Amino acid sequence: MKRLNTIIVICLLAALNSCTIAQELPELDDYISNFNYETRSDMRVNSNELIELLEIKKAILLDIRFDEEYNSWNFPFAMHIALPDLPENLKKLDKNKLYITACPHNDRAIIAMIYLTNKGYKVKYLSDGLLSLADYLRGNNAYNFMQK
């Protein structure tokens, strides 16, 4: 799965580099040139880490799924902006906050993380995805989290 995510990111970056979006984002060159093991490690959090960050109000979960997906099931504590709507909704985001982008399987979360990072936002992505977060937030975990 990690290898697949790496391949997805490489393909996305290659695609961005060959289109006009990349020309509008000169920071992308810097991001790629300075990418190292620390950057790789720092760009993601898992469900447990996310819950800890949310409990101490150090992050905002940004659900970037399509509206239909979000409307069929969602997390009431998450902010929702569908990936295609991010460019027109940047004004809703605070550059002083940490955002954790999320979708079920990371593909869109990684795209959103790269896009927002290159727009100057502090962003990580949920490495185990929303499906794992839903699994994590069952029973006592859900009860304890919602009580805080």
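Since every read-out is calculated from the coordinates, none of them should be taken as a lab result. Being a predicted model, the structure only gives us computed values, none of them experimental. All Cβ positions, even for glycine, are placed from backbone atoms using ideal geometry, and neighbour counts span all protein chains on display.
With the requirement that a residue be aromatic (Phe, Trp, Tyr) and surrounded by fewer than 16 Cβ atoms within 10 Å (Cβ to Cβ), what does region 36-86 give you?
Tyr37, Phe66, Trp73, Phe77
Hey, any hits in region 132-145 for a residue that's within 26 Å of Asp29 (Cα to Cα) and buried (at least 20 other Cβ atoms within 10 Å of the Cβ)?
Scanning region 132-145 turns up no residue that is within 26 Å of Asp29 (Cα to Cα) and buried (at least 20 other Cβ atoms within 10 Å of the Cβ).
Can you give me the ranges of the strands (runs of 3 or more DSSP E) entirely in region 46-148 with at least 3 residues that are over 15 Å from the mean Cα position of the chain (by Cα) and closer than 25 Å to Ile32 by Cβ?
Counting at least 3 such residues, we get no strands (runs of 3 or more DSSP E) at all.
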